[in-house]
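In what follows, a structure is listed as structure tokens, so that the remarks can point back to it.
The values are calculated or read from the model by the stated rules, or taken from the named source; none is laboratory data. Small disclaimer: the values here were computed from a predicted structure and weren't measured. Note that each Cβ is placed from the backbone with ideal geometry, even for glycine, and that neighbours are counted across all protein chains shown.
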Amino acid sequence: MQEILEQLPYSDPFLFVDEILKIDADSIEGSYTFSANSEFYKGHFKNHPVTPGVILTECMAQIGVVCLGIHLLNKEDDDKRKAKIALTSTDMEFLKPVYPGEKVKVVSTKQYFRFNKLKCRVEMFNSEDSLVCRGTISGMILKNKYEE
Amino acid sequence: MSDKEIINKIKKIVEPYVQRLEGLKNFQEETDFLNDLQINSANLVDVVLDVEDEFDIEIDNDSMEGMLTVGDAKSIIERKLMTR
């Protein structure tokens, strides 16, 4: 699981994965703690910091789709291991606010991985184990011709 | 299943993913998924999976790559239905 974290193409300030808790071919669970010092809290919102939905979505995509995708690709050949990836669609519902410093758990279940597209049903829970966000996120492996 | 029946089923499958609605008015074999209907390549995967479910066939990677128009899809469906 550590290997997957090392393969992630993100770094601070845009890495939103701390730990992978569980992983298999069909699902993944991971966690992240939103640093209270993140720049975006200064402006979202003025004097009332709440984690932006796009950041929650990004965290869910990084854990739920990218980490799971890397795990699935690691079983394949070397070419695919080096593949570049892209987010292709999200359809989210935001149910509760996530405040600075909160730790969240992301649970993702694969709907399918075919024709280079991974589509997952993803949920995010806060430290009280209550559902804060859920939705469907898809990503694709880009073919070599789109690289560079 | 007649050509027309297959094409009508394809039309119903692609509808939710079509971004250029004009393309649906003149839906025929020459209709191109990416250009005429502006279905993006990620959604084309969903179209193919829906085609598999609707016709109870399995579409392989090579067939998927050759599926550019409604006519291509129809031919692939017909071929798969015959060898099922």
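Listed values, structure above:
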| quantity | calculated |
| --- | --- |
| Candidate set from the range B:8-37 (those that are surrounded by fewer than 18 Cβ atoms within 10 Å (Cβ to Cβ) and hydrophobic (A, V, I, L, M, F, W, C)); member that is farthest from A:GLY139 (Cα to Cα) | B:LEU24 |
| Where A:ALA36 falls short, out of the listed (1) touching a Gly at 6+ places or on another chain (Cβ under 6 Å); (2) surrounded by 18 or more Cβ atoms within 10 Å (Cβ to Cβ) | (2) |
| Among the candidates B:GLU54, B:GLU29, residue that is within 29 Å of A:ALA86 (Cβ to Cβ) and modelled with pLDDT of 95 or more | B:GLU54 |
| Residue satisfying all of: in the range B:38-68; farther than 15 Å from B:TYR17 by Cβ and among the polar types (S, T, N, Q); surrounded by the fewest Cβ atoms within 10 Å (Cβ to Cβ) among these | B:ASN61 |
| Options B:ASP56, B:ASP62, B:ASP50, B:ASP36; residue that is under 10 Å from the mean Cα position of the chain (by Cα) and charged (D, E, K, R) | B:ASP50 |
| Among the residues listed as A:ILE70, A:ILE85, A:ILE20, A:ILE55, the single one being out of contact with any strand residue (DSSP E or B) (no Cβ under 9 Å at 6 or more places or on another chain) and buried (at least 17 other Cβ atoms within 10 Å of the Cβ) | A:ILE55 |
